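Undergrad: First the structure, then my questions, so here it is.
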Amino acid sequence: MPTTVLPLGTLSDTHGRVARDLRVSLTDRCNLRCSYCMPAEGLPWLPTPDVLTDEEVARLIGVAVGLLGVRKLRFTGGEPLLRHGLADIIAASAGLRTDEGTAPELSLTTNGVGLDKHVHRLVESGLDRVNISLDSLDRQRYAALARRDRLPDVLRGLAAAEAVGLRPIKVNTVVMRGVNEADVVPLAAFCLDRGYGLRFIEHMPLGPEHTWDRSTMVPSAEILAALRTRFVLTPAEQRGSAPAEEWLVAASDDHPAGRIGVIASVTAPFCAACDRTRLTADGQLRTCLFSRTETDLRTPLRDGASDTELARLWLGAHRGKAAGHGIDRPGFRQPARTMSSIGG
Ligand code: SAM
Ligand code: SF4
């Protein structure tokens, strides 16, 4: 029987924001090598003893939900389906109760490879939603971008998520100049036809160092212009703390009505409304994707800190959360970890 514990406080910062959404990276490893995220040869993976055990991850999630007012959990990585304990961690999280007395909302961000084999068990364990990354419907372009010929596996994963009744299914697409701009319209048509939510994401400087520059990023304005060549878009309601600016797509003879989002993390950052906190697979707390500092929760956890002591460390770190990522400021330096190791 889940118990409701009164929170110790909420993860508020000096800029008036409260973090309710915890992103948990379960591994830094991946079976793809998307060029915007990882080098072709992979990365020096975290040593196994540094990676939190399933019990340690579940305990820190319990602190966040039970003591710190976190209401949503998203499991990510690296590729979270590679984590053997994923279903057990989801089941432990589903047994928690938020400060509102409900179970936390549980979602997964995955590249979709192998999802067809796992999705039943994940849903039985309590998974509510899934976001699947898909950057091209062209097998050759997909293979070139992900450096692995796995498009058929991803499409099987999407179909399996739909068949098991996960709703809404969301698709994430990073658009890169000269690489997959031609996929914007076909991906939108594919998702509208199937009732999937689609979000285009601006390429951020979080991949291998020195591989990002503004000229290779396709800004949201260009993505929208490409969409308007085929679809009629009107702005949806205000986005609140959601990062995507949403557009309603009018139905036509060849596609149903739907919604498409654009996450303009670089050209129109949503930092002022950010409600996220992040835990890496090796137990480091990050207040922002772009943080250059982290708070070590693993060492105190392993040294016997109580839940309240861990919660106080988390609260203290969040109070100092930066106002914004500053990509546009002179002197911006990308964090030492890539997206795959932070957890996207
Ligand atoms: N492996 C899973 C996947 O690909 O969905 C989860 C982890 S991945 C790091 C999470 C999301 O981050 C994916 O949608 C991916 O496309 C996105 N991503 C990775 N590197 C990025 C970058 N440099 N800029 C923008 N988005 C990025
Ligand atoms: Fe792996 Fe996801 Fe990074 Fe692609 S974006 S390399 S699937 S972690």
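Undergrad: Relative to the Cα centre, what is the charge dipole magnitude of the stretch 11-342, using +1 at the beta carbon of each Lys and Arg, -1 at the beta carbon of each Asp and Glu, and rounding to the nearest 20 debye?
TA: Numbers: 42 positive and 41 negative charges, 62 e Å.
Using Cβ point charges on Lys, Arg, Asp and Glu, the stretch 11-342 gives about 300 debye.
Undergrad: Hey, got the dipole for the stretch 250-290? About the Cα centre, +1 on K and R Cβ, -1 on D and E Cβ, debye to the nearest 20?
TA: 280
Undergrad: Which whole-Hz ³J(HN,Hα) couplings does the stretch 20-36 yield from phi under the Karplus relation 6.51 cos²θ - 1.76 cosθ + 1.60, θ = phi - 60°, glycine and proline marked x?
TA: Going residue by residue, I get 10, 10, 9, 9, 10, 7, 9, 6, 9, 8, 8, 9, 10, 9, 3, 5, 7 Hz, with x marking Gly and Pro.
Undergrad: For the chain, give me every cysteine whose Cβ has no other Cys Cβ within less than 4.7 Å, ordered by residue number.
TA: Cys30, Cys191, Cys271, Cys274, Cys288
Undergrad: I want to check the label-to-label distance for Thr293 and Arg194. Put each point 7 Å from Cα in the C-beta direction and report it in nm to one decimal.
TA: Those two pseudo-labels are separated by 4.4 nm.
Undergrad: With just the Cα atoms of the chain, tell me how far they stretch along each of the three principal axes, in Å, largest first.
TA: 59, 48, 42
Undergrad: While we're on this one: What 222 nm value per residue comes from the helices of the chain, counting each DSSP H run with n ≥ 4 as -39,500 (n - 2.57) and dividing by all residues, nearest 500 deg cm²/dmol?
TA: Working: 10 runs with 98 residues, N = 344.
Value at 222 nm, helices only: -8500 deg cm²/dmol.
Undergrad: For the chain, what % of the accessible area comes from carbon and sulfur atoms, probe 1.4 Å?
TA: 53
Undergrad: While we're here: For the stretch 178-296, build the charge dipole from Cβ charges (+1 Lys, Arg; -1 Asp, Glu) around the Cα centre, then report which of Leu233, Cys271, Ala250 sits farthest towards its positive end.
TA: Checking the options against the dipole of the stretch 178-296, the answer is Cys271.
Undergrad: Another question, then. Could you give each residue of the stretch 332-344 its phi-based ³J(HN,Hα) in whole Hz, using Karplus coefficients 6.51, -1.76, 1.60 with θ = phi - 60°, and x for Gly or Pro?
TA: 4, 10, 6, x, 5, 7, 8, 3, 5, 9, 7, x, x
Undergrad: Please compute the length gained on full extension between Val232 and His15, using 0.36 nm multiplied by the number of residues separating them and subtracting their Cα-Cα distance.
TA: Gain on stretching Val232 to His15: 74.4 nm.
The values are calculated or read from the model by the stated rules, or taken from the named source; none is laboratory data. Owing to the predicted nature of the structure, the values given are computational and were not obtained by experimental measurement. Here the Cβ is made from the backbone with ideal geometry for all residues, glycine too, and neighbour counts use every protein chain on show. The protein model used for the area step is the full one, side chains on, heavy atoms only, and it has no ligands, DNA or RNA in it. Shrake-Rupley method; radii C 1.70, N 1.55, O 1.52, S 1.80 Å.
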